[in-house]
Amino acid sequence: MNCSLGPVLWPGSSLTPPRGWAVPTKAHPLRIGVPNGTTFQEFLFVDYKGSGNDFSVGGYAIDLFNLTVQNLQYYLPYKFDCFSGTYDQLVQQVHSKNFDAAVGDISIVSSRLEYVEFTHPYTQPGLVMVVPARRSRSNKAWLFMKPFTNSMWIITGVTTIYNGFVVWLIERNHSSELRGSPLNQIGTLIWISFSTLFSLNGEKLHSNLSRMAMVVWLFVALVITQTYTANLSSILTVKKLEATVTNIETLQRSNAKVGYCRGSYLARYLVDVLDFKDNNIRNFSSANNYAEALRTREIEAIFLDVPIAKLFVAKYCKEFIVAGPTYKTGGFGFAFPRGSELIPEINKSLLNLSEEGKLRELENKMLEKEKCEGDDGDDQEGSSISVTSYWVLFILTGGTSTVALVVYVVHCCRKLEDSMSQTTWKLMFSVIKHYRLSRKVSDVESSTNLPS
């Protein structure tokens, strides 16, 4: 029986295998479309080498895609092709099978899902508002407490009082100034405790034990006071930034103009979701344009996807700041034709990279490349110093004072014991002497009373 097979019919009654169904080879690799002219070169860049089609691509999105494909269980040849249209047009090119996939800062939005399928988001999803920053006007009445934490203040005070008590107890028998009424002695104790922070007063001390305790405490006090002065100076000189605008309601009430990244979906989002007027939104094509528009107050705020906002604020950390809530969006993903069998494998590879910490490493590497403009190396606000930074010094001074106190108490106990022993012997001798004297008197009286 002779059987003949007919031609293979692909979906749509086509005799030609559609792109995406054929197995890619070195001769026919996957064509990956990348947008040309992105906002941040650290995220994605296209470097043309002379004239023609000789170019190279790089950046966070490209590095991640390369790593994702390398993590697959099989070899997948591909090449990158540049596309100079809008992101929506790039998505349409994938839908039309002119590209097998699209890689870049392509936002996952519902309108694009009608034409392509996206991988899981490979960046933190969300939309944030970036506004100009200004120096904080916070109340500085209690700023002098800021250099130390509450626990540091408490431990310093307790240690100071304790050392003063030890010195007062040891020296009170040598100086009349340390005696008197209880109120006078309490005042003297406090004076001794806190005057040590500024001077030793060693010429007024009579015991080597009190000198030992005081010298160690003076060293610790010197370190603490110098640290306090340095940290307070740092806090006073560092500029703490705060947002000029904290919410979109303020922008809407003042009819302020806002910006967004040109070529993105954000124009529709700002009007349809956040209720901005269409004539109050402006589009910009580069980070420098964002910054200049914010500086000149052409716009009061700009809305950016979270990964782009991180790069922008990292570059202009002295001028701009993220304010308000994070609005939920889809994030960035890789686009593939609908029904592509690569989607599950790419998603699995992305998940593996995330669990291994590779995504975080790539993001940190990207952010480190952005040098903060105007950064003078003092971009951290002075923080309060805690006890953990000086626990060794507190143990040293507390231990020294405790040793001095124990030695003094033992010495006093022995002295008291010797004194009591001498008193006991004197009392015994007195009793014996009195007894003998009484016997003599009794004998004399007895002899006197005898008849002659």
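If the condition is being in contact with a strand residue (DSSP E or B) (Cβ under 8 Å, 6 or more places away or on another chain) and closer than 27 Å to Leu350 by Cβ, then region 313-324 contributes Val313, Val322.
Somewhere in region 272-285, is a residue of a type in the set (Val, Ile, Thr) and either farther than 30 Å from Tyr122 by Cβ or surrounded by fewer than 18 Cβ atoms within 10 Å (Cβ to Cβ) (or both)?
Narrowing region 272-285 to residues of a type in the set (Val, Ile, Thr): 273, 281.
From what is left, the residues that are either farther than 30 Å from Tyr122 by Cβ or surrounded by fewer than 18 Cβ atoms within 10 Å (Cβ to Cβ) (or both) are 273.
Checked against the condition, which is being of a type in the set (Val, Ile, Thr) and either farther than 30 Å from Tyr122 by Cβ or surrounded by fewer than 18 Cβ atoms within 10 Å (Cβ to Cβ) (or both), region 272-285 yields at least one hit.
Scan region 244-259 for residues that are more than 11 Å from Asn279 (Cα to Cα) and surrounded by fewer than 18 Cβ atoms within 10 Å (Cβ to Cβ) and the total you get is 8. Say we look at region 377-434 and pick out the residues that are surrounded by 10 or more Cβ atoms within 10 Å (Cβ to Cβ) and assigned to a loop (DSSP other than H, G, I, E, B); which of these is modelled with the highest pLDDT? Among them, the one singled out is Tyr390.
Taking region 93-120 as the range and being part of a loop (DSSP other than H, G, I, E, B) and surrounded by fewer than 18 Cβ atoms within 10 Å (Cβ to Cβ) as the test, the residues that pass are Ser96, Lys97, Asn98, Ser110, Ser111, Tyr115, His120.
Within region 3-13, can one find any residue that is surrounded by 15 or more Cβ atoms within 10 Å (Cβ to Cβ) and either under 27 Å from Lys348 (Cβ atoms) or modelled with pLDDT under 85 (or both)? Before the answer, list the steps.
Here is the first cut: in region 3-13, the ones surrounded by 15 or more Cβ atoms within 10 Å (Cβ to Cβ) are none.
Within region 3-13, not a single residue is surrounded by 15 or more Cβ atoms within 10 Å (Cβ to Cβ) and either under 27 Å from Lys348 (Cβ atoms) or modelled with pLDDT under 85 (or both).
If the requirement is being in contact (Cβ under 8 Å) with a residue 60 or more places away in the chain and part of a strand (DSSP E or B), which of these qualifies: Ala309, Ala323? Walk me through how you get there before you give the answer.
Numbers: Ala309 fails: part of a strand (DSSP E or B).
Selected residue: Ala323, the only one of Ala309, Ala323 that is in contact (Cβ under 8 Å) with a residue 60 or more places away in the chain and part of a strand (DSSP E or B).
When only residues in region 288-308 that are among the hydrophobic types (A, V, I, L, M, F, W, C) and surrounded by 21 or more Cβ atoms within 10 Å (Cβ to Cβ) count, which is modelled with the lowest pLDDT?
Just the residues of region 288-308 that are among the hydrophobic types (A, V, I, L, M, F, W, C), to begin with: 291, 293-294, 299, 301-304, 306, 308.
From what's left, surrounded by 21 or more Cβ atoms within 10 Å (Cβ to Cβ): 294, 299, 301-304, 308.
On the way: Leu294: 89, Ile299: 89, Ala301: 90, Ile302: 90, Phe303: 90, Leu304: 89, Ile308: 86.
So the residue we want is Ile308.
With respect to the numbered conditions (1) modelled with pLDDT of 85 or more; (2) charged (D, E, K, R); (3) over 29 Å from Phe284 (Cα atoms), which one is the sole condition not fulfilled by Asp81? Against the list (1) modelled with pLDDT of 85 or more; (2) charged (D, E, K, R); (3) over 29 Å from Phe284 (Cα atoms), Asp81 comes up short only on (3). Among residues of region 274-302 that are free of Cβ contacts under 8 Å to residues at least 12 places away in the same chain, those with a Cβ under 9 angstrom from a residue that is among the hydrophobic types (A, V, I, L, M, F, W, C) and surrounded by 13 or more Cβ atoms within 10 Å (Cβ to Cβ), sequence gap 6+ or separate chain, pair up as Asp278/Ala267; Asp278/Leu270; Asp278/Val271; Glu292/Phe284.
Quick check on Arg338: is it of a type in the set (Lys, Arg), at pLDDT below 80 and either touching a strand residue (DSSP E or B) at 6+ places or on another chain (Cβ under 8 Å) or not assigned by TED's automatic domain parsing to the domain that holds Val109 (or both)? Break it down into steps so the answer makes sense when it comes.
Working: of a type in the set (Lys, Arg): yes; at pLDDT below 80: no; either touching a strand residue (DSSP E or B) at 6+ places or on another chain (Cβ under 8 Å) or not assigned by TED's automatic domain parsing to the domain that holds Val109 (or both): yes.
Judged against the criteria, Arg338 is not a match.
Where residues in region 160-192 are among the hydroxyl-bearing types (Ser, Thr, Tyr) and out of contact with any helix residue (DSSP H, G or I) (no Cβ under 6 Å at 6 or more places or on another chain), which of them is modelled with the lowest pLDDT? Before the answer, list the steps.
The initial filter retains those residues of region 160-192 that are among the hydroxyl-bearing types (Ser, Thr, Tyr), namely 160, 162, 175-176, 181, 188.
After this cut, where a residue has to be out of contact with any helix residue (DSSP H, G or I) (no Cβ under 6 Å at 6 or more places or on another chain) as well, the list is 162, 175-176, 181.
Values: Tyr162: 87, Ser175: 60, Ser176: 56, Ser181: 60.
Of everything passing the filter in region 160-192, Ser176 is modelled with the lowest pLDDT.
Applying the condition of being hydrophobic (A, V, I, L, M, F, W, C) and more than 32 Å from the chain's Cα centre (by Cα) to region 254-285 and asking which residue is modelled with the lowest pLDDT yields Ala267.
The values are calculated or read from the model by the stated rules, or taken from the named source; none is laboratory data. Note that the coordinates shown come from a computational prediction; the quantities given were computed from them, not determined experimentally. Note: ideal-geometry Cβ built from the backbone for every residue, glycine included; neighbour counts use all protein chains shown.
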